[in-house]
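The values are calculated or read from the model by the stated rules, or taken from the named source; none is laboratory data. The structure displayed is predicted, hence computed values, not measured ones. Don't worry about glycine lacking a Cβ; one is built from the backbone with ideal geometry, like all the others, and counts go over all protein chains shown. Surface accessibility is based on the protein's heavy atoms, side chains included, excluding ligands, DNA and RNA. Shrake-Rupley method; radii C 1.70, N 1.55, O 1.52, S 1.80 Å.
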Amino acid sequence: MRILTKAGIQALENKTAAEGKTTFDEMMRLAGTGAAQLLKERFSLQNRKAVVVCGSGNNGGDGFVCAGKLRENTADVCVVLACGKPRTPLAKAAYERMDPRIPVIDFSERPDEAGETILNADCLIDAVFGFGFHGEFPENLRILFRKMNESPAKKLALDLPSGLACDSGSSACDVFKADITAVFTAKKPVHILPKSRGYCGECVIVPVGISPEDIHDFDGYEVLDLNTVIANWKQRVPESHKGTYGRLFALAGSFGMAGAAMMAAKAAQRCGVGLLELASEKEMYPVLAPVLPEAVFCLYGNENTIPVAQGAERASAVLVGCGLSQSPTALSALSAALKNAAGPVVIDADGINLIASHTDILIDRKTPVVLTPHPKEAARLLATDVTQIQTDRRAAAAQIARTFNAICVLKGTGTVIASPEGAFYLNPTGNPGMAKGGSGDALAGMIGAFLAQGTEPFYAAALGAYLHGYAGDLCAEKYSQTAMLPNDLIETLPEVFKMIERQCR
């Protein structure tokens, strides 16, 4: 599924209008008409009181059209002006065309009457702020939106609930909480991101005269869903052996960090890799071998990283960094793995921290690289701070991808996957229960396993993030966000793959 950013939808609308395929006025007419039709389909309007709360911009214009269409459908309609009279030319025109029999209440002049009307509504339509909103409501509008959220009415938002930022999903205090959102043309990040989608309710795309095929040429993200994953799933063939499903060489673990290596390895094995070879320092073997009986081991020491170079060369993919440490030996092993890797490489955790201090290490690599930083690690890579990373996660992921000529998986709420060529995935799965040590190791192992099995690197990164979050969501249902552990997530992967394989039959 393709979703568009604020800049993308604006550019698409401008280009469509400039080419004469439609007009902005027609887009507004179709938006308001489609929203009214959606409300009619979802809720009975006969003898019901519908209140449309309109802003002064074009979102308000959509609301004026919607109000007129609701009246045509026998609803008892009232319009509340949240910000006074309309100010944009399109909104003014829509307001002037609205049925004059529709009562209009200006909230700034009659706040008590507006509030009472909202509380007594059967259907409440939010048409105050569109995709240009950011920051916080003015204090007087916070009072209005409290009333709107207190109303027992069925609630519809036009394009997105007022109070949400289109691209980041950040929310203002008292953001409108919709039961259903009429999404114009295409979904935006706000409809997908875990922190904002709960305010949107059911999201239904309403066409406004723009061809769905045209959205692929404008700024946005690809978003995986289960149907897409199933459609692209490679089923196992009857005549196969462990070599058919790849060999993953994992350079991971150190004294005090054995758990990171274990979780990365187990996650990789649960994702179907044919053979896992785990490279670790010799003293770690007695700790790791009993808990990873299916793995083979490559043991190296302070003075000898030749086994690492050989292991990376014979593998179909390489994973580096989970619990590796940042010792001189770890740096030498990382360098050997990167120089000799014959297949794509996933670099996580301490591998990223070592690269942040030794960026020249990536110069000699011959194969694609996937970097999987969390915000603090991303800040180290870009020599900035976490605040700057989180302010614009998309830009940060893009900068890392360009700077290091690598795919970047910027972890966190709404994981962003960026390619050096400027393509993006946005991950819709996952929950706060995954914010525990070890979750990132599991993700790195999953991506490594998909790479080892021959999955194209950019898709492998997105697939790993999606299924990682999907398994995490199942865990939250089973164990709660508080109690779930990364190991629970790994042990839920068989359930995920069983479901996918059943759908593929």
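Data for the structure
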{"quantity": "Only listed residue being aromatic (Phe, Trp, Tyr) and under 19 Å from the mean Cα position of the chain (by Cα), chosen from PHE131, PHE176, PHE145, PHE184", "calculated": "PHE131"}
{"quantity": "Near pairs, Cβ below 6 angstrom, 6+ apart or cross-chain, from segment 162-190 (at pLDDT 95 or above and of a type in the set (D, E, K, R)) to any residue that is crowded, with 22+ Cβ neighbours inside 10 Å and in a loop (DSSP other than H, G, I, E, B)", "calculated": "LYS188/CYS166"}
{"quantity": "All positions within segment 278-326 that are open to solvent by 30 Å² or more (accessible area, probe 1.4 Å) and hydrophobic (A, V, I, L, M, F, W, C)", "calculated": "VAL287, VAL291, VAL296, PHE297, LEU299, ILE306"}
{"quantity": "Among (1) at pLDDT 95 or above; (2) open to solvent by 60 Å² or more (accessible area, probe 1.4 Å); (3) of a type in the set (Lys, Arg); (4) under 17 Å from the mean Cα position of the chain (by Cα) - the single one ARG247 does not satisfy", "calculated": "(4)"}
{"quantity": "Residue under evaluation ALA330, criteria (1) in contact with an Asp or Glu (Cβ under 9 Å, 6 or more places away or on another chain); (2) open to solvent by 50 Å² or more (accessible area, probe 1.4 Å), criterion not met", "calculated": "(2)"}
{"quantity": "Qualifying residue in segment 101-114 (condition: at pLDDT 95 or above, farther than 29 Å from GLY8 by Cα and among the aromatic types (Phe, Trp, Tyr))", "calculated": "yes"}
{"quantity": "Check on ARG42, open to solvent by 40 Å² or more (accessible area, probe 1.4 Å) and under 31 Å from the mean Cα position of the chain (by Cα)", "calculated": "yes"}
{"quantity": "Qualifying residue in segment 70-79 (condition: basic (Lys, Arg), at pLDDT below 95 and open to solvent by 20 Å² or more (accessible area, probe 1.4 Å))", "calculated": "yes"}
{"quantity": "Segment 187-213 - residue that is surrounded by 15 or more Cβ atoms within 10 Å (Cβ to Cβ) and more than 19 Å from the chain's Cα centre (by Cα) and, of those, nearest to ALA418 (Cα to Cα)", "calculated": "ILE210"}
{"quantity": "Residues located in segment 252-272, provided they are closer than 27 Å to HIS241 by Cβ and either of a type in the set (D, E, K, R) or in contact with a Ser or Thr (Cβ under 9 Å, 6 or more places away or on another chain) (or both)", "calculated": "ALA252, ALA261, MET263, LYS266, ARG270"}
{"quantity": "Segment 113-145, residues that are surrounded by fewer than 24 Cβ atoms within 10 Å (Cβ to Cβ) and more than 16 Å from VAL52 (Cα to Cα)", "calculated": "PHE131, GLY132, HIS134, GLY135, GLU136, PHE137, PRO138, GLU139, ASN140, ARG142, ILE143"}
{"quantity": "Qualifying positions in segment 340-358 - touching a Leu at 6+ places or on another chain (Cβ under 8 Å), buried (at least 21 other Cβ atoms within 10 Å of the Cβ) and in a loop (DSSP other than H, G, I, E, B)", "calculated": "GLY343, PRO344, ASP348, ALA349"}
{"quantity": "Residue satisfying condition, being touching a residue at least 60 places away in the same chain (Cβ under 8 Å) and over 24 Å from PRO486 (Cβ atoms), within set ALA333, ALA267", "calculated": "ALA333"}
{"quantity": "Residues (assigned to a helix (DSSP H, G or I) and modelled with pLDDT of 95 or more) located in segment 260-284", "calculated": "ALA260, ALA261, MET262, MET263, ALA264, ALA265, LYS266, ALA267, ALA268, GLN269, ARG270"}
